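Since the structure comes first, as structure tokens, the remarks are kept for the end.
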Amino acid sequence: DTEVTQTPKHLVMGMTNKKSLKCEQHMGHRAMYWYKQKAKKPPELMFVYSYEKLSINESVPSRFSPECPNSSLLNLHLHALQPEDSALYLCASSLGLAGGPHNEQFFGPGTRLTVL
Amino acid sequence: KNQVEQSPQSLIILEGKNCTLQCNYTVSPFSNLRWYKQDTGRGPVSLTIMTFSENTKSNGRYTATLDADTKQSSLHITASQLSDSASYICVVRATGGGNKLTFGTGTQLKVEL
């Protein structure tokens, strides 16, 4: 299995809703990432987990709450979002955080989030 | 500040033609450079990766070059196909820093009949 899966593909939510995005990989990767991508812009790093521990938080608002329940799963809990949070949310994974060309980040297909 | 700039911003070519996309970077210290292809609404997929010592690398109809002295890279697409229509993103990784990537803004390529 050489892919990163994300669910749901599309999500529409109101500003008062609570929802979660899910990401899964079975490649034995120990680093997982959340990115936010607006239209025609490059992905922006949000969070990095290494060995199920939060390693990097790029000053993301607390209405986004990541969770890594085990080495294969990564969740992003959403609460009280704003319309400007509408974007494509990408999950990625890699063997680890060390350098080297073998440490490629594999991206999932993304979840298209719309906040009304 | 680490930066990656790409040109052109967008490009339209006829099917079967070749094209070259450019990438300039100021990421330091340099570890590697990848070209990704991203279809609309999908995640990026790696096409090639190049390290400091590599000048050219091919993947089918895609050929990437790297000049580490001038900090420039190019992606050449040969005999373009309609399915090549996508955004092509140049991504550079610095050594250390927890595998953080610096993304270019991408070149939007459209291949037409």
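Read-outs throughout are calculated quantities, based only on the coordinates presented, and are distinct from any laboratory measurement. As the structure is a computational prediction, the values presented were derived from the model and not from experiment. Here the Cβ positions follow ideal geometry from the backbone for every residue, glycine too, while neighbour counts run over all protein chains shown.
As a rough guide to protection, the peptides A:62-72, B:103-113 ranked by mean Cβ packing within 10 Å, highest first, stand as B:103-113, A:62-72. Here is the short version for chain B: B:CYS19 have no other Cys C-beta closer than 4.7 Å. Looking at the range A:1-59, none of the GluC sites (Glu not before Pro) sits in a DSSP loop with at most 10 other Cβ atoms within 10 Å of its own Cβ. If you wrap the Cα atoms of the range A:1-109 in a convex hull and average its projected area over all directions, you get 6.8 nm². In this structure, the amide hydrogen of B:SER85, modeled 1.01 Å from its nitrogen in the peptide plane, lies closer than 5 angstrom to those of B:VAL111, counting only residues at least 5 positions away or on a different chain. Between A:PRO42, A:LEU21, A:THR114, the Cα set farthest toward the positive side of the dipole of chain A (charges on each charged residue's Cβ, about the Cα centre) is that of A:THR114.
In plain terms, the C-alpha convex hull of the protein assembly as shown casts an average shadow of 12.4 nm² when viewed from every direction.
Around B:VAL92, what is the net charge, scoring Lys/Arg as +1 and Asp/Glu as -1 over all other residues with Cβ under 10 Å from its Cβ? Within the 10 Å Cβ shell, the charges total +3.
Peptide A:34-45 has a mean of 4 when you count, residue by residue, the C-beta atoms of other protein chains within 10 Å of its C-beta. Placing a label point 7 Å from the Cα of B:ARG61 along the Cα-to-Cβ direction, the residues of the range B:8-31 whose backbone N falls under 11 Å of that point are B:14-19. Legend: translational diffusion of the range B:2-113 by Stokes-Einstein, Rh = Kirkwood radius over C-alpha pairs, 20 °C, 1.002 mPa s; D = 153 µm²/s. Among B:39-50, B:82-93, B:58-69, sorting by the average number of other beta carbon atoms lying within 10 angstrom of each residue, highest first, gives B:82-93, B:39-50, B:58-69.
Take every pair of alpha-carbon atoms less than 8 Å apart whose residues are at least six positions apart; their mean separation over the length of chain B yields a relative contact order of 37 percent. With contacts taken as Cα pairs under 8 Å at a separation of at least 6 residues, chain A carries a relative contact order of 36 percent.
Simple spin-label estimate for B:GLN72 and B:LYS100 gives 2.8 nm between the two label positions (7 Å along the Cα-to-Cβ direction from each Cα). Once backbone amide H atoms are built at 1.01 Å from N, A:GLU104 has A:LEU95 as its partners under 5 Å, excluding neighbours fewer than 5 places away on the same chain.
Label positions at A:GLU52 and B:LYS1, each projected 7 Å from the Cα along the C-beta direction, are separated by 3.8 nm. If the chain linking A:HIS77 and A:SER65 were pulled fully straight, counting 0.36 nm for each residue of separation and taking away their Cα-Cα distance, it would gain 3.8 nm.
With 29 Å as the limit, the listed pairs A:LYS53/B:LYS71; A:LYS18/A:LYS53; A:LYS18/B:LYS110 have A:LYS53/B:LYS71; A:LYS18/B:LYS110 beyond it between alpha carbons.
When cysteine pairs in chain A are screened for C-beta atoms closer than 4.7 angstrom, the residues that find no partner are A:CYS68. Taking label points 7 Å from Cα along the Cα-to-Cβ direction, A:GLU84 and B:SER46 give a separation of 3.4 nm. A simple count of charges around A:CYS68, restricted to other residues whose Cβ falls under 9 Å of its Cβ and scoring Lys, Arg +1 and Asp, Glu -1, yields -1. For GluC sites (Glu not before Pro), the sites in the range B:1-94 that DSSP calls loop and that have at most 14 other Cβ atoms within 10 Å are B:GLU15. Ranked by the mean number of other Cβ atoms within 10 Å per residue, highest first, peptides B:20-31, A:30-41, A:5-16 order as A:30-41, B:20-31, A:5-16. Think of each Lys and Arg Cβ as +1 and each Asp and Glu Cβ as -1; about the Cα centre, that makes the dipole of the range B:7-113 roughly 240 debye.
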